[in-house]
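These notes are about the structure you will find just below.
The values are calculated or read from the model by the stated rules, or taken from the named source; none is laboratory data. What you are looking at is a predicted structure, and each value in this text was computed from that prediction instead of being measured. Cβ: placed from backbone, ideal geometry, glycine included. Neighbour counts: every protein chain shown.
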Amino acid sequence: MTRRRPDLGTLLTGERAAAGLVAAPERIVLTLVMLALSAGLWVSVGAHEPWTVLPTALIGVAVTWRLVPRPAAVAPAERTGAIAALSGAAVWAIANAVLSAEYLVVVRDPGFLTLSGLWLVDHPSTDIPSLGAVDAAAVDGTVLADASEAWNLRGDTVQPQGAKMLPAVIAVGGWIGGDRGVLVANVVIGAVGLLAVYALARRMLGPLASLAPMAAVAISVSHIGLSRSAYSEPLTLVTLLAATLWLWRGIADRRAALVALGAVTSGAIALIRIDGAAFALGLLATGVLALALGDGPRGRRAWDALVLLVLQAAVLAGSYAALWRWSEAYAERLGDQAERIMLAYGGITLVLAAWVLSWLAGGDRIATRVRDGLGRRGAIGAGGAVMAVLAVLASRPLWWVSHRGTETSVDRFTNSVVEAFQASQGLEIDPTRTYAEHTVAWLSYYLTWPLVLLGILGFGLATAWTLRRRPEWALLLGAALPTSLLYFWNPEVVPDQLWAFRRFEPATLPGFAIAAAIAAWWLVSRYARPRTEQRLRLVAAASFAVLPLTTWVSIKPGDTQPVAAAVPVFVREMGGARDQLADLCALAPDRPIILAGTSSHFGSLRVTCDEPTVLALAELAPAQVADMAAVWDVAPVVLTRNPEWFTWSADPAVVQHSTIDQASYDLQQIPRTYFTRTYDWYAGIVQADGTLEPVAPGGQAVVTSP
């Protein structure tokens, strides 16, 4: 008698396969986090290479793989939920990859982050050698070897601003799929972010109900728009929610390894964002509180708390050191903000460390005594207080108008930008307005008010449950509320959408979505009749998809544009930039570049053409151009949209005509329109006397040397 081999269907539906399927969402999150930690580590020491990053990531995945549990038995709901989450994330990734942005011109942060990722595909660090550009720029004060803010000269190298983990991660996409892989990589990160929402919510809501907050985040215009471009917020969302989940499980299941993993992951957020300490601090404080309120041996809980404190602080300190090394001017420019955050983090960490060290002498009883003293009514009162604070913040447009000062140059610049946006939209001109009183309302643009109000109730419930012997719920509060409250009060940002809302993408958006689901399911289970409970659950679940979907289109009868669609959903941001840069690099390859008059393209040309580049901000005499050209062994090419700035040996013609689409800058609403920038480029090869020999359309030049 022969043993019959199981067919493919049996294998796929077997218990082992089903258990692996249930574990897959969290394991995919784990894999991305290990890749991000590996890329962040190696780029911090200037050794970002495939042979360093990928093996380290594989080792990290292998070491931590079993920290993600694979259930011994799988319920049908668990399998259904996992299949829905995985397939939903896959469909979302494919749909948004089709319209992934071409943010290769530095208008805002995704420009230099995308270009840094492209650079790291073929280089071990983000330091870009000037290759003679510093000497060439010395001819005149209007010529630069860098560009303001986004590209900063440090010695003989140019440093792109910002933290480096995101560029290091999207560069991995370039190793796999070239330039297109870099452009699509953040969409993949956004899809994994949806799985992170699902995995964390599953811990609180169960396998099917957790699909609701995942759907709300997936359909939100903000998550779509911020994932299609290389914004750092989706990767922050992944790391923050992953750290929250692992700390939750580590504390609840008494597993120090998970606590350590959560500590390292939360500390590494500072490798993504300069305000990473604010995100880490919320998890640190609530993690220590949950351990103090938890069960189990006091010594074991104290040890876990010290692991959390020491590992997170060490990784955070290393992250800020890396930021200073690889983006010194950026760190100095935002030094005051970073210093305030770090001082707050350091002070609270020292207080927490002193408290934890007192636990062996019974110091943890302070927390348990307060909890027991509050009792049920006190816990409900604390939850009500949290809800009241959020409700007051939401009500501010009814009684307050926030204004900015005019003292600093930054204030004056921001005010001028706001004034221009107000004028373009026909709003009342008040350039000092910050619109900070509307920050909770901004959240309603993407989730809608019903889900925002449910979220406020959900945070109140989580607070009460924390104080009713379910201490792990504090971690949801720690992940979502500290930065939410900070930026609700003062977002410190130019207030146009989506730009302003990126402050709330990593923690506030998923936090409110999860909290809203918690509240919805609590209301149904508490007040619904048995006959209608299941039906109401389905209605609640559907609302998490339908309500955010309504934000995709706005209808305003009588308006000049009565029906308008959300641009971040339907338009490729910066579409046309990739072809434009490819054409410009092909005009006169293998030559240094003198870019005249368009600072937004400095990094674009330096990275995509990979040739030394200088930026001229005013007209230059032929003798100055000749002196610049003498720095290099081959005659440079001048690329400009201002041909009148130079002396030409013949009349130049437009050698590259292109357009780039960009979402409009809208205050107090999701962008519903976009504008098209038109570019007419001229090119010329520098001759010995400093005049320019025009490059003919098609890229053919006459001369080959100065």
Being surrounded by fewer than 22 Cβ atoms within 10 Å (Cβ to Cβ) and either under 21 Å from the mean Cα position of the chain (by Cα) or of a type in the set (Val, Ile, Thr) (or both) is the filter here, so list the residues in region 279-308 that pass it. 307
Could you list, in sequence order, the residues of region 444-482 that are surrounded by fewer than 24 Cβ atoms within 10 Å (Cβ to Cβ) and polar (S, T, N, Q)? 444, 448
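Here is a list: 589, 562. Which entry is at pLDDT below 95, more than 25 Å from the chain's Cα centre (by Cα) and within 30 Å of residue 627 (Cα to Cα)?
Values: 562 fails: within 30 Å of residue 627 (Cα to Cα).
Sole residue among the options that is at pLDDT below 95, more than 25 Å from the chain's Cα centre (by Cα) and within 30 Å of residue 627 (Cα to Cα): 589.
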Taking region 87-130 and the residues there that are of a type in the set (A, V, I, L, M), crowded, with 20+ Cβ neighbours inside 10 Å and outside any helix (DSSP H, G or I), the one that is farthest from the chain's Cα centre (by Cα) would be 128
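Kindly state which helices (runs of 4 or more DSSP H) lie completely within region 315-400 and contain at least 1 residues that are touching a Ser or Thr at 6+ places or on another chain (Cβ under 8 Å) and under 30 Å from residue 260 (Cβ atoms). Step through it out loud before you land on a result.
Numbers: elements: 328-333, 335-357, 365-395.
Hits in region 315-400: 365-395.
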Looking at region 85-106, can you tell me whether even one residue there is touching a strand residue (DSSP E or B) at 6+ places or on another chain (Cβ under 8 Å) and hydrophobic (A, V, I, L, M, F, W, C)? yes
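Please verify whether residue 249 is of a type in the set (D, E, K, R), over 17 Å from residue 28 (Cβ atoms) and not assigned by TED's automatic domain parsing to the domain that holds residue 475, treating the condition exactly as stated. Walk me through it before giving the result.
Working: of a type in the set (D, E, K, R): yes; over 17 Å from residue 28 (Cβ atoms): no; not assigned by TED's automatic domain parsing to the domain that holds residue 475: yes.
So residue 249 does not fit the description; no.
Please specify each residue of region 488-501 satisfying the condition of being buried (at least 23 other Cβ atoms within 10 Å of the Cβ) and assigned to a helix (DSSP H, G or I).
If we filter region 488-501 for residues that are buried (at least 23 other Cβ atoms within 10 Å of the Cβ), which is where we start, we get 488, 495, 497-498, 501.
Within region 488-501, 488, 501 qualify.
Here is a yes/no grid of residues against (1) touching a residue at least 12 places away in the same chain (Cβ under 8 Å); (2) at negative phi:
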residue	(1), (2)
80	yes, yes
85	yes, yes
88	yes, yes
94	no, yes
98	no, yes
114	yes, yes
127	yes, yes
131	yes, no
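Please tell me if residue 524 is of a type in the set (Val, Ile, Thr), assigned to a helix (DSSP H, G or I), modelled with pLDDT under 95 and surrounded by 16 or more Cβ atoms within 10 Å (Cβ to Cβ). Walk me through it before giving the result.
On the way: of a type in the set (Val, Ile, Thr): yes; assigned to a helix (DSSP H, G or I): yes; modelled with pLDDT under 95: yes; surrounded by 16 or more Cβ atoms within 10 Å (Cβ to Cβ): yes.
Yes; evaluated as a whole, the condition is true for this residue.
Which count do you get for residues in region 172-185 that are within 23 Å of residue 593 (Cβ to Cβ) and surrounded by 24 or more Cβ atoms within 10 Å (Cβ to Cβ)?
Let us first name the residues in region 172-185 that are within 23 Å of residue 593 (Cβ to Cβ), namely 174, 178-179, 182-183.
Narrowing further to those that are surrounded by 24 or more Cβ atoms within 10 Å (Cβ to Cβ): 182-183.
Within region 172-185, residues that are within 23 Å of residue 593 (Cβ to Cβ) and surrounded by 24 or more Cβ atoms within 10 Å (Cβ to Cβ) number 2.
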Of the residues 182, 192, which single one is assigned to a helix (DSSP H, G or I), under 25 Å from residue 69 (Cβ atoms) and either within 19 Å of the chain's Cα centre (by Cα) or not assigned by TED's automatic domain parsing to the domain that holds residue 25 (or both)? 192
Residue satisfying condition, being closer than 30 Å to residue 444 by Cα, surrounded by fewer than 17 Cβ atoms within 10 Å (Cβ to Cβ) and touching a helix residue (DSSP H, G or I) at 6+ places or on another chain (Cβ under 8 Å), within set 673, 647: 673
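Can residue 508 be described as in contact (Cβ under 8 Å) with a residue 60 or more places away in the chain, under 19 Å from the mean Cα position of the chain (by Cα), crowded, with 24+ Cβ neighbours inside 10 Å and within 28 Å of residue 380 (Cα to Cα)?
Numbers: in contact (Cβ under 8 Å) with a residue 60 or more places away in the chain: yes; under 19 Å from the mean Cα position of the chain (by Cα): yes; crowded, with 24+ Cβ neighbours inside 10 Å: yes; within 28 Å of residue 380 (Cα to Cα): yes.
The answer is yes for residue 508.
The rows are residues; the columns are (1) assigned by TED's automatic domain parsing to the domain that holds residue 666; (2) in contact with a Cys (Cβ under 9 Å, 6 or more places away or on another chain).
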position: 544; (1), (2): no, no
position: 550; (1), (2): no, no
position: 566; (1), (2): no, no
position: 570; (1), (2): no, no
position: 587; (1), (2): yes, no
position: 593; (1), (2): yes, yes
position: 604; (1), (2): yes, no
position: 611; (1), (2): yes, yes
